[in-house]
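Below: the structure, in structure tokens.
We did not get these values from a lab; they are worked out from the coordinates using the rules stated. Quick caveat: nothing in here was measured; it's all calculated off a predicted structure. Counting neighbours? That spans all protein chains shown, and the Cβs are built from the backbone with ideal geometry, glycine included.
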Amino acid sequence: MRVAMIGTGYVGLVSGACFADFGHTVCCIDKDEGKIQRLREGVMPIYEPGLDQLVANNVREGRLSFDTDPANAVRNADAVFIAVGTPSRRGDGHADLSYVHAAAEEIARLMNGFTVVVTKSTVPVGTGDEIEEIIRKTRPDGDFAVVSNPEFLREGAAIDDFKHPDRVVVGTDDERARQVLTELYRPLFLNETPMVFTGRRTSELIKYAANAFLAVKITFINEIADLCEAVGADVQQVARGIGLDNRIGSKFLHAGPGYGGSCFPKDTLALVRTATDAGSPVELVETTVRVNDQRKKAMARKIGTAMGGELKGKRIGVLGLTFKPNTDDMREAPSLDIIPSLQAMGAEVQAFDPEGMHEAKALLPGVNFAAGPYEAVEGADALVILTEWDQFRAFDLDRVKLLMRRPVVIDLRNIYRPADMRARGFAYTSIGRP
Ligand SMILES: NC(=O)c1ccc[n+]([C@@H]2O[C@H](COP(=O)([O-])OP(=O)(O)OC[C@H]3O[C@@H](n4cnc5c(N)ncnc54)[C@H](O)[C@@H]3O)[C@@H](O)[C@H]2O)c1
């Protein structure tokens, strides 16, 4: 199959490279010239484990190419994917569909012969209808089908998720489009990956329902963690005790500083808006959004309390800035709420992140970015763990203690054991554990 991928971000680049690896011929398109130029030179615009090798292999085999101009790729494509961003619209929290609509217009102008237009971007219910209308307006005689195929990959494990997904969801009533999608995902069929064929609107809603459910689950365990602190229970054992129940499941039960990232915050908000507009509010999700926002704010107070209340003139070493490990993505990371609050309370912050510092520098003014994790704790009155990168788990804690001014550790990801930390002489605070 010949594939054009419009939008070469986290989703477009990973999906494009994986489809090429499945044996299809893929052109990834992006209007960001610098990004395309770097990709042609073999430089990845994002940090994602294994991506550089996957891209290099498929470029060498002639199956993967990059372009700023969609004309050739779209004209020759069996399937054109829309994988552009759908950020929160400023002011009202609705998904901003301007990039999706612009991509649809471009496709309409260029497509040639039967073309399957596949929405991979996360879009509100009804967006497929809008895309169809836009294309139909420009090309009343066009032979095309608009399909919803939401993406569930996780940054940091994106390639494995794409190649071994729990399921593939395809929303279409068009038999020819169904065949094209079946052919595109053939290697997954052979692996017996469940394929959920459904209506387009249902498919669009599945993506939001999945993300909202996960956001609710995280927020639930975060509230239980607070309760554990109040009553002297251990949230990790509560999570294990409930997670072993198959109806609940053990994933997404790690208490922390509140969810962030490029998807959950905007997708929960967009679902709330869609539901309100449809006259069928999702109050559980509304509450989740509010509780999570409050939680990020509460984390700075928790750090302040662990440091004795007064932060003026205190130096805080922060380890981890990205919203989760194994990505350089800083979108909606809890660090973007917590660090400015600490600064506002008078603290001086020095920070280190293995992959996120390039992005973080533009977003966190006034922070001293350290050359390494040990440099970040030098002379610090407290160490705060914000992201659970593996290298922080394997830290030489005795060396850390010698470098710090005061041995205070606030671990918002529960990566150390409380008893072990206390035995080493740290004043140790974590989430939901005695
Ligand atoms: N990041 C994730 O983990 C993830 C997971 C699942 C789904 N999604 C969804 O996938 C979509 C894309 O997310 P992302 O994180 O990859 O976004 P991103 O911001 O990393 O990438 C989007 C890219 O699209 C490009 N673009 C925008 N309009 C274009 C146009 N008309 N022509 C060519 N290029 C254009 C931008 O320059 C940018 O490079 C979103 O809807 C998101 O919700 C993201």
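Below, the figures for the structure above:
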{"item": "Spin-label pair residue 179/residue 273, simplified geometry with 7 Å Cα→Cβ offset, distance in nm", "result": "3.9"}
{"item": "Relative exposure of 25, 305, 172, judged by other C-beta atoms within 10 Å (fewest first)", "result": "305, 25, 172"}
{"item": "log₁₀ of I(q)/I(0) at q = 0.11, 0.22, 0.27 Å⁻¹ - the range 303-376, Debye sum with one point per alpha carbon", "result": "-0.25, -0.95, -1.29"}
{"item": "Straight-distance crosslink candidates among lysines, where the alpha carbon sits under 17 Å from residue 401 and sequence neighbours closer than 8 are dropped", "result": "314"}
{"item": "Per residue Cα convex hull volume in Å³ - calculated over the range 379-434", "result": "72"}
{"item": "Sorted by Cβ neighbour density within 10 Å, fewest at the top, the residues 388, 132, 155", "result": "132, 388, 155"}
{"item": "Residue exposure sequence - 148, 262, 430 - by fewest surrounding Cβ within 10 Å", "result": "262, 430, 148"}
{"item": "Cα→Cβ-extended label distance, 7 Å offset, between residue 374 and residue 193, nm", "result": "4.3"}
{"item": "Most to least packed among 98-105, 234-241 [average Cβ atoms within 10 Å]", "result": "98-105, 234-241"}
{"item": "Cα-centre dipole for the range 224-379 with unit charges at Cβ (Lys and Arg positive, Asp and Glu negative), debye to 20", "result": "240"}
{"item": "Overall dimensions of the chain by Cα: Rg and Dmax, Å", "result": "23.3, 75"}
{"item": "Spatial separation of Cα centroids for the range 251-299 and the range 23-39, in angstrom", "result": "33"}
{"item": "Unit charges at the beta carbon, dipole of the chain: most positive-side option, 219, 274, 13", "result": "219"}
{"item": "Proximal aspartates and glutamates to residue 163, defined as alpha-carbon separation beneath 14 angstrom and excluding residues fewer than eight positions away on the same chain", "result": "21, 151, 155, 192"}
{"item": "Lys, Arg +1 and Asp, Glu -1 on Cβ, resulting dipole of the chain about Cα centre, debye, nearest 20", "result": "1020"}
{"item": "The chain: antiparallel DSSP beta bridges as a percent of all, rounded to 5", "result": "5"}
{"item": "Label zone at residue 363 (point 7 Å along Cα-to-Cβ), backbone N below 15 Å, the range 386-419", "result": "386-388"}
{"item": "Mean separation of Cα contacts under 8 Å (6+ apart) over length of the chain, as relative contact order %", "result": "12"}
{"item": "Å³ per residue enclosed by the Cα convex hull of the range 260-402", "result": "116"}
{"item": "Positive-end extreme of charge dipole, the chain - chosen from 326, 94, 198 (charges on Cβ)", "result": "326"}
{"item": "Cβ crowding within 10 Å averaged over residues, with 184-192, 50-58 ranked highest first", "result": "50-58, 184-192"}
{"item": "Simple label model, 7 Å out from Cα along Cβ direction - residue 396 to residue 72, nm", "result": "5.3"}
{"item": "Charge dipole (the range 298-406, unit charges on Cβ, about Cα centre) - positive-most of 306, 404, 384", "result": "306"}
{"item": "Cross-link partners of residue 217 among lysines (Cα-Cα below 24 Å; sequence separation of 8 or more within a chain)", "result": "207, 251, 266, 296, 297, 302, 324"}
